[in-house]
Amino acid sequence: AFMTGEGLAIVTRDITELKKAEQQLLKTNKRLEELAYLAAHDMKAPLTNLQSLVQFIEESDGIKKECQGLFDKMGTSIGIMSNTIYTLNDVIAIQESHLPNNEYLNFRAEFNTVKTSLATQIKESKIKIRADFSKAPDIYYPQLYLQSILQNLISNSIKYRQPDKMSLIEIKTLEKEEGYYLIIKDNGLGMDLDNSTDTIFRLFKRMHTHIEGNGVGLYIVNSLVESHGGN
C-alpha cells in the first residue's frame, strides 16, 4: 500500500494463491463429477440384475414370513439406489448428446403436457397451479429441454411444499430485450439462499435432507438452461 500526494491509499494484493486454490477446487469438483458418471455407468447393469433377482425370489415365494419385512426394506433400498443411478445416467445422456433442434413452442401446450404427466402428484398433494403465459406465449427452444425444465421445477415445488398450508405454484413468462424469462414461484419450504446461492445447482446438493430426493433435479435444470445460453 502507498499514499499518493492527495492522501489516497491504494492497496494492491497478490491473488495468485487464491486463483490457484479456485482452479484446484474446480479440478476437484470435475473429478468428483467424472467419478459419479463412471459409477452410474458401471452400476446400471448390476443393479438391474439385482432387481431381477429380488423379483424372482419374491415371485418364487422363497421368503420366510419372519423375514418378509427385511426383504421388503431391501427391495425399497434397491429401488432408491436404482432411481439415483438411472437419474444420473439421464444427466450423462444430456451432457453427452448434441443440442437438439429448436422448435416453435407454445408455453401453454408444453405446460399442459407436463401437468398431465404429473397429474397423480398434483392430485395427491392438492396443490393449485396458476399459469399465465400471456406476456410471452411462444418460444423458439428444444421441446425436450423446455418440458424437462418445467417438470423438474414443478416437481420440486410439489415435493417441498409446506404440509400445513394450502400449496400454490405460480408460473409466468416474460419477454425482454435479453430474452425470455420463465418464472416459477411457490409458497413451499423455501431455501436459505444467504449461504447457498452458489451451490444449489451442484450435483447431489440437497437443501432439505429430511425429504426423499437425490439432489439431481436442479442440476439438470441448470445444465439444460446453460447449454442453451441461458442462466
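The values are calculated or read from the model by the stated rules, or taken from the named source; none is laboratory data. Just so you know, these numbers come straight off a predicted model, no measurement behind them. Note that each Cβ is placed from the backbone with ideal geometry, even for glycine, and that neighbours are counted across all protein chains shown. Areas reflect the complete protein model, heavy atoms only, side chains present, ligands, DNA and RNA absent. Shrake-Rupley method; radii C 1.70, N 1.55, O 1.52, S 1.80 Å.
Taking region 159-188 only, how many residues are within 25 Å of residue 230 (Cβ to Cβ) and either touching a strand residue (DSSP E or B) at 6+ places or on another chain (Cβ under 6 Å) or of a type in the set (Phe, Trp, Tyr) (or both)?
Of the residues in region 159-188, the ones within 25 Å of residue 230 (Cβ to Cβ) are 159-160, 169-186, 188.
Filter again for either touching a strand residue (DSSP E or B) at 6+ places or on another chain (Cβ under 6 Å) or of a type in the set (Phe, Trp, Tyr) (or both), leaving 160, 169-174, 180-186.
Number satisfying all stated conditions: 14.
Within region 138-155, work out how many residues are modelled with pLDDT under 85 and open to solvent by less than 40 Å² (accessible area, probe 1.4 Å).
0
Just to be sure I understand the filter: pairs with C-beta atoms under 8 Å, separated by 6 or more residues or on different chains, first member in region 206-231 and farther than 17 Å from residue 89 by Cα, second member modelled with pLDDT of 80 or more and among the β-branched types (Val, Ile, Thr). Which pairs pass?
225/149; 231/225
When the residues of region 96-137 are filtered to those that are among the charged types (D, E, K, R) and at pLDDT 90 or above, which remaining residue is farthest from the chain's Cα centre (by Cα)?
Filtering region 96-137 for residues among the charged types (D, E, K, R) gives 96, 103, 108, 110, 115, 123-124, 126, 128, 130, 132, 135.
Now drop any that are not at pLDDT 90 or above, which leaves 103, 108, 110, 115, 128, 130, 132, 135.
Details: 103: 23, 108: 22, 110: 19, 115: 18, 128: 22, 130: 22, 132: 23, 135: 26 Å.
So the residue we want is 135.
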